[in-house]
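Read-outs: derived from the displayed coordinates by stated rules, not from any lab. Being a predicted model, the structure only gives us computed values, none of them experimental. Note that we place each Cβ from the backbone using ideal geometry, even for glycine, and neighbour counts take in every protein chain shown.
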Amino acid sequence: MPPRAKKGPSVPSTVSELKDTLWKAADRLRGSLPASRYKDVILGLVFLKYVSDAYDEHRETIRAELSAQGHDEDRIAGLVDDPATCRDHGVFVVPPAARWSYLAAHAKGEPAGHTGPARTVGQLIDEAMESVMAANPTLRGTLPRLYDGETIDQRRLGELLDLFDGARFSRRGAHRARDLMGEVYEYFLGRFARAEGKRGGEFFTPPSVVKVLVEVLEPSSGRVYDPCCGSGGMFVQTEKFLHEHNGDPTNITVHGQESNEETWRMATMNLAVHGLDNSGLGARWDDTFAHDHHAGVRMDYVLANPPFNIKHWTRDERDPRWQFGVPPATNANYAWIQHILWKLSPTGSAGVVLANGSMTSRSGTEGDIRANLVEADLVSCMVALPTQLFRSTGIPVCLWFFSRDKTAGPGGAVDRTGEVLFIDARHLGHLVDRAERALSDDDIAAIADTYRAWRGTRSATERELGYADVPGFCRSVDLAGIRAADYALTPGRYVGTPAIEDDGEPIDAKIRRLHTELLAAFDESARLEKAVRAQLERTDG
C-alpha cells in the first residue's frame, strides 16, 4: 500500500477563520513577552507579512502583463521591482531580504552552507523592518525593531513565522489585500484593547461609537483631523464611509497627532494598510497641548475620543486657544473642546466623545465655559450613549457635536441657528458579553438619521427624512430653554419620557380586567401547587 501523502496545513476559508487562526498563532508568543511589548511585536509581524504578500502579488501581476505584451525577460526583470511602478499601484517596496519567503526560509536559523556570523531570526526581522522603511519614505521611523531582544524567545518567534507562512493576505478579485489586511489589523487592535483593559482604551475606540461620529458628520471632502488619534480608527472609518457611499477617498486628507510613541506607530501602520497617506500624522509623536503639529491649519471635520478627565496636562493660561475660558488645571475635558473648536474652519463640524460629567460639571471654570459655548451657538447636538460601550472604563459617555455654521447652506437645508438637538440613546445597544455593549447598524442609523433630518442634509433630503421631536428620544431646544436649565446639556433633561400608547380601553375597564386576570392567575398557581404536592406524597409513599 503506497504511503499516504502528507497533509499540508489547512488554509482558513473565510476572513473570520483567518483572523481567528492568526490570533491563536500569535498567542503562542505571549508567555515569553511582557504585555506592553507583545502587541508591537505581533502587529509589526502582521504588517510585514501583508506588505510582502502584496508586493509578491504586484510583481506577479506586472510580470504577466509585460509578458503578454511581448517584453523580454531582461526588460521584465528591470520593471517588476521598479519603485515608481510600486508606488503608482499603491504597493510598498519590499527588498529581497525583507520578503516573507526569505524570512520563512530562515525561521529555524541560518541555512546549511551559510558563511559568516550566525544571525537569529529576530535579527533578520529587525533588518527587514529597517530595509522596508529605507525603501518607503512614508514608513520611516514607524516600524518596530525589537525582535532580537533578550526577552523574545527566538524559537517561538521562528514557530510563529512558520504559522503565519500559511496565511496569505493578498487576494485577487473582490477581496483586495489591503481590505483583508485592514480587517485583520483592526481585529487584532480590538483583541489587544480588550486584553489590556484601561490601557487599551487609550488607543482603541469601539467601532460602533466611531461609526456614529462618522455617520453624523458625513465627511466627504477636505481635511479630517483627530488631535489624539490613537491607532487611527477615526480615519479608517472615514475611508469606509466614503467607499460605502460611493465617495472618493482621495478627496480627503487626514491629519492627526498622538502623544504615545507605541500608539503613534500603530496608527501609521494602520493608515498605511488602508491606503491612507500617513504623512499627516507627523514625523513623530508629541503632546497636542504642548506642541500643535498642525498649528495654523484649519480643519473641515474633527473626530476625537480624548482621554477622559485628565488631571495632569500641559496647561498655559495665556494659550490663545482658550477663547471661552481657561480650563481648570485638574481636568482637560474643556481644553480638548476648545482646541478642537480652534482648529475648525468657518464651515467646519466636529464630533467628540467625552465623559458624561462634561455635560453638567461646574468644577472650576467648566460651567462658565459651557455657558459661553452655548451662547456662541457652537453646540449642534448632544447624544447620551448607553453604558458598557467601553470595556476599558465604566464611566458613562456622551457625544458632543459642534458646528461653526448652523445656517441653511452646504451643511444642511434647515436653518438651526439658536437651536441644539438632544438625543437620548441610552436605551439602545445590545450586550456582546457581560462586560461590553455595542450599537447595531439600526441603532447607529437611528441616531444619525435623526441628526440628518434635523439638519436637512443632502442624504436626509434624498431619503425624504423629516424631523419631529420624539418624546423620550429626541428634542430640538432653543438657547433660551438651555439657558433656563442653567446650561446643563444632559439629553434626558430635555427629551422627556416616551409617550404611552393608548390602546383605546377605558381605564376603569382595564383595571377590572387586570384584577380578574390576576385572581385567575392566583387560582391556577394554587391548583398547580396542590397537584405537585399530591405527586410528591405518592412518590414518598
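Given the rule -39500 (n - 2.57) for each run of at least 4 DSSP H residues, summed and divided by the residues of the chain, what is its mean residue ellipticity at 222 nm, to the nearest 500 deg cm²/dmol?
My calculation for the chain gives -14000 deg cm²/dmol from helical runs alone.
Say the cut-off is 31 Å between C-alpha atoms; which of K240/K406; K108/K240; K311/K343 go over it?
K108/K240
Along the charge dipole of the chain, Cβ charges K/R +1 and D/E -1, which of M299, G222, M269 sits furthest on the positive end?
M269
Order by neighbour count: I482, I511, I444, I423, fewest other Cβ atoms within 10 Å first, most last. Could you put the intermediate results ahead of the total?
Working: I482 24, I511 11, I444 21, I423 28.
Sorted ascending by nearby Cβ count, the order is I511, I444, I482, I423.
Report the far tail of the P(r) of the stretch 410-541, meaning the percent of Cα-Cα pairs longer than 20 Å.
So the pairs more than 20 Å apart make up 68 percent of the total in the stretch 410-541.
List the aspartates and glutamates whose Cα sits under 19 Å from the Cα of K530, skipping any in the same chain fewer than 8 residues away.
Qualifying aspartates and glutamates at Cα under 19 Å: D540.
Mind listing which trypsin sites (Lys or Arg not before Pro) in the stretch 414-511 are in a DSSP loop and have 12 or fewer other Cβ atoms within 10 Å? Kindly include the intermediate steps, with their values, before the conclusion.
Details: sites: R416, R426, R434, R437, R452, R455, R458, R463, R475, R483, R493, K510; in loops: R416, R426, R434, R463.
Passing sites in the stretch 414-511 are R434, R463.
How big is D, in µm² s⁻¹, for the chain by Stokes-Einstein at 25 °C and 0.890 mPa s if Rh is the Kirkwood radius over C-alpha pairs? The partial results should precede the final answer.
On the way: Rh = 26.7 Å.
So the translational diffusion coefficient is about 92 µm²/s.
Can you list the aspartates and glutamates whose alpha carbon sits under 18 Å from that of K510, skipping same-chain ones fewer than 8 residues off?
K510 reaches E501, D502.
With charges set only on the Cβ (+1 for Lys and Arg, -1 for Asp and Glu), what does the dipole of the chain come to about its Cα centre, in debye to the nearest 20?
1040
Where does the stretch 206-495 land on Rg(C-alpha)/(2.2 N^0.38 Å)?
0.94
Sorted by mean Cβ packing within 10 Å, highest first, what order do the peptides 407-415, 281-289 take?
Highest mean packing first, the order is 281-289, 407-415.
Distance in nm between label sites at L79 and R298, each 7 Å beyond Cα in the beta-carbon direction?
About 4.7 nm separates the two model spin labels.
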